[in-house]
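Have a look at the structure below before the remarks.
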Amino acid sequence: DVKVTQSSRYLVKRTGEKVFLECVQDMDHENMFWYRQDPGLGLRLIYFSYDVKMKEKGDIPEGYSVSREKKERFSLILESASTNQTSMYLCASSTSGGPDTQYFGPGTRLTVL
Amino acid sequence: SQQGEEDPQALSIQEGENATMNCSYKTSINNLQWYRQNSGRGLVHLILIRSNEREKHSGRLRVTLDTSKKSSSLLITASRAADTASYFCATDPGNMLTFGGGTRLMVKP
C-alpha cells in the first residue's frame, strides 16, 4: 500500500513564525502536491513538484514556498505565518505515466495565532 | 479554480438506503475520479472512470459518466453508517487534477 505521511497532525504557531510542514511518501512517486482545504472552498493547490528540485506554482502559491531535495520528501514552508494561513494542509503523491490518481497523507491542521 | 461541482452539498439518509451524488464539470477531461474523506483525515481514492467509459462498478459503488452533459454521478448502494464522509469528484483534463467542493454524506443508523 502507498503510504504518505505528514510530520504533524496538529500544529499551533504564532504570527510571523517560520513553519515547516513535511511530507514523505514511500512509493517512489515522481509527483508530489500540497493543498490547503478550507470550508466552502474545497481543495486548492498550493504547489506541486514532478521531480527532485523541480517545483511549479499551483492556484494559491502566495505566502508559501516548497522544497524537494529528495524524491520521497516534499516540504511546504510558510516563511512568515499569518492568521489567514490557518487551515488543513494536505500532501499527496502520484506516479507519472498514467492517470493522475493521487494518494493523500492524513493532513496537518495548522492554527496560526 | 474548481472544475468540478458536487450536488448536493449535503445529504442525510438512513442506513440501508442508496445515496446518489452528482458532479458537473466545465472542460473536456481524460478521466474523472471520486475520492472519500473521513472527518479530519486525508482523501482516499475510490474509483476512476475514463472519458470513453459510461459506467463503472466497484463493490457497492456505481459511477456513471456523461461527457455530453459534462456530468458524473456516484451511487452508493445499501449505505452503512461507516459510509458517513465527504465525497469529492476530481477531474483530470490532462495537466492537473481539480477537485470539487464535495458532498457531505451522513448515514444515520
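Every number in this text was worked out from the coordinates using simple rules, so none of it is lab data. Everything numeric in this text was worked out from a predicted model, so none of it was measured. For neighbour counting, all protein chains shown are included, and Cβ atoms are generated from backbone atoms with ideal geometry for every residue, glycine included.
When you look at B:Tyr87, is it part of a strand (DSSP E or B), within 14 Å of chain A (Cβ to nearest Cβ), in contact with a His (Cβ under 6 Å, 6 or more places away or on another chain) and surrounded by 15 or more Cβ atoms within 10 Å (Cβ to Cβ), yes or no? No; evaluated as a whole, the condition is false for this residue.
Evaluated against (1) touching a residue at least 24 places away in the same chain (Cβ under 8 Å); (2) closer than 11 Å to A:Tyr89 by Cβ, A:Phe20 falls short on exactly one condition, (2).
Looking across segment A:1-47 at every residue that is assigned to a loop (DSSP other than H, G, I, E, B) and β-branched (Val, Ile, Thr), the one that is nearest to the chain's Cα centre (by Cα) is identified as A:Val2.
Total residues in segment A:1-48 satisfying the condition of being surrounded by fewer than 14 Cβ atoms within 10 Å (Cβ to Cβ), facing another protein chain (nearest Cβ under 10 Å) and of a type outside the set (Ser, Thr, Tyr): the figure is 4. Restricting A:Tyr47, A:Tyr35 to those that are touching a residue at least 12 places away in the same chain (Cβ under 8 Å), of a type in the set (Phe, Trp, Tyr) and farther than 20 Å from A:Lys3 by Cβ reduces the list to A:Tyr47. Evaluated against (1) within 18 Å of B:Phe99 (Cα to Cα); (2) of a type outside the set (A, V, I, L, M, F, W, C); (3) surrounded by fewer than 20 Cβ atoms within 10 Å (Cβ to Cβ), A:Gly97 falls short on exactly one condition, (1).
Give the residue that is farthest from the other protein chains (Cβ to nearest Cβ), with candidates limited to residues of segment B:1-56 that are buried (at least 20 other Cβ atoms within 10 Å of the Cβ) and part of a loop (DSSP other than H, G, I, E, B). Applying the filter and picking the extreme gives B:Tyr25. Those strands (runs of 3 or more DSSP E) of segment A:62-107 in which at least 3 residues are in contact with a strand residue (DSSP E or B) (Cβ under 8 Å, 6 or more places away or on another chain), closer than 17 Å to A:His29 by Cβ and within 14 Å of chain B (Cβ to nearest Cβ), considering only elements entirely within it, cover A:87-94. If you go through segment B:57-78 and keep only what is assigned to a loop (DSSP other than H, G, I, E, B) and buried (at least 21 other Cβ atoms within 10 Å of the Cβ), you end up with nothing.
Between residues in segment B:35-47 that are over 11 Å from B:Ser86 (Cα atoms) and residues that are among the β-branched types (Val, Ile, Thr) and assigned to a loop (DSSP other than H, G, I, E, B), which pairs lie under 7 Å by C-beta distance while being six or more apart or on different chains? Listed by first residue and then by second, the contacts come to B:His45/A:Thr101.
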